[in-house]
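The values are calculated or read from the model by the stated rules, or taken from the named source; none is laboratory data. Owing to the predicted nature of the structure, the values given are computational and were not obtained by experimental measurement. Virtual Cβ from ideal backbone geometry, glycine too; neighbours counted across all protein chains shown.
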Amino acid sequence: MDPLYSIIYPTSRKIPHLDWFLDSLQKQASDEELRRVQLIVVDRFSQENGRYNWFVQHKGLDKFHSVVRTPVKPCTISGKYRLTSKDWFAASAFRNTGILLADADHLVFVDDLSIVTPGWWDSVKKSREQQKVYFGTYAKHRKMIVKDGEIVSSDPWPGGADTRLQISAETRVCTGSWMFGCSVAVPTEAMLQINGFDEDADTMGGEDYAAGMMLERRGWECVFCVEMKTIESDEDHEVGEVLPRLIKEHPDPNQKDFSHIYLEWIKSGQRDTAAFYNNRGLSLRDARKQVRKTRTLPECSIPEHDWRDGQPFSEM
């Protein structure tokens with residue numbers, strides 16, 4: 001029997017505190033419900049010595065329908081097969097890895113170093129029941145001390161406040177641009193229709209709101225859900241700085257960088273399908289069909305030796 005939910009938990013920090021998430025989730029979901037949940041941990045540091053022992057010591061893993069721990073799919077800028085000098089956290093590639101391995105018809109994305117607050121799991125279930133895309137809210141704290149899935153002490157960080165709450169403090173239907181990647185529940189079919197998260201946005205950001213806007217254009221109703229809240233530590237970042245991504249063909253300093261051009265593409269509708277890179281040119285949907293049969297992740301296509309905007313890999 002397939003699971004009902006696939007929770008995708010990418011790790012961007014060396015100590016991602018999966019225990020915080022597991023303990024807080026198990027306070028809300030019953031053992032019977034967890035038996036219909038697949039947990040997929042896309043572990044940025046999976047190749048490091050002792051990492052497997054770190055993973056299996058977590059209590060409660062045996063309650064899930066199934067548990068998968070995997071490195072990111074072969075990728076030009078992150079992981080074992082990268083071409084860049086720096087090992088970047090490629091948010092889209094990591095999330096797409098989870099989609100490739102997901103067995104459920106409903107996906108849930110959660111950031112590492114976070115706990116889920118009361119009402120989060122009920123909101124996830126509503127998303128599946130209603131076949132709508134739910135965007136959770138968040139808060140970022142510092143000096144977080146967590147025990148048994150609850151915050152013992154922390155310092156709320158004003159710079160990590162969810163700006164969407166300034167527009168609405170109530171659950172409401174919203175536009176796709178309200179999608180922040182910290183906590184999202186979405187039908188699997190919806191993400192397959194847009195080809196997953198846009199890998200052209202990796203190292204730059206914006207992959208979350210871009211996906212939301214693509215989903216909205218395909219008719220998926222989006223809901224900003226204040227009850228679906230996570231609290232995340234803003235410390236111990238291992239992600240790396242965002243690259244400026246200047247356009248090599250336009251050295252004029254007045255030219256917009258690639259991130260601004262990308263935003264214009266999304267807003268204008270010029271880009272309505274995400275880039276998903278693999279050697280065979282498969283869509284995410286077709287690649288997922290193969291992965292579900294073979295459990296082998298697809299190889300990555302290499303766009304010559306420059307990144308999509310012309311920046312040499314050697315400079316990254």
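For residue 36, state whether it is closer than 20 Å to residue 96 by Cβ and either modelled with pLDDT under 95 or surrounded by fewer than 18 Cβ atoms within 10 Å (Cβ to Cβ) (or both).
no
Mind telling me which of the residues 56, 41 ends up being crowded, with 18+ Cβ neighbours inside 10 Å and among the hydrophobic types (A, V, I, L, M, F, W, C)?
41
Is there a residue being closer than 24 Å to residue 150 by Cβ, modelled with pLDDT under 95 and not charged (D, E, K, R) anywhere in the range 46-54?
For the range 46-54, residues closer than 24 Å to residue 150 by Cβ, modelled with pLDDT under 95 and not charged (D, E, K, R): present.
Considering the range 8-24 alone, what residues qualify as being outside any loop (DSSP other than H, G, I, E, B) and surrounded by 20 or more Cβ atoms within 10 Å (Cβ to Cβ)?
8, 9, 10, 11, 18, 20, 21, 22, 23, 24 - these are the residues of the range 8-24 that are outside any loop (DSSP other than H, G, I, E, B) and surrounded by 20 or more Cβ atoms within 10 Å (Cβ to Cβ).
For the range 110-227, list the strands (runs of 3 or more DSSP E) that sit wholly inside it and hold at least 1 residues that are surrounded by fewer than 24 Cβ atoms within 10 Å (Cβ to Cβ) and modelled with pLDDT of 95 or more; which are they?
So the answer is 133-147, 150-161, 172-174, 183-187.
Suppose we keep only residues that are polar (S, T, N, Q) and in contact (Cβ under 8 Å) with a residue 40 or more places away in the chain within the range 49-77. Which one would you say is nearest to residue 290 (Cα to Cα)?
70
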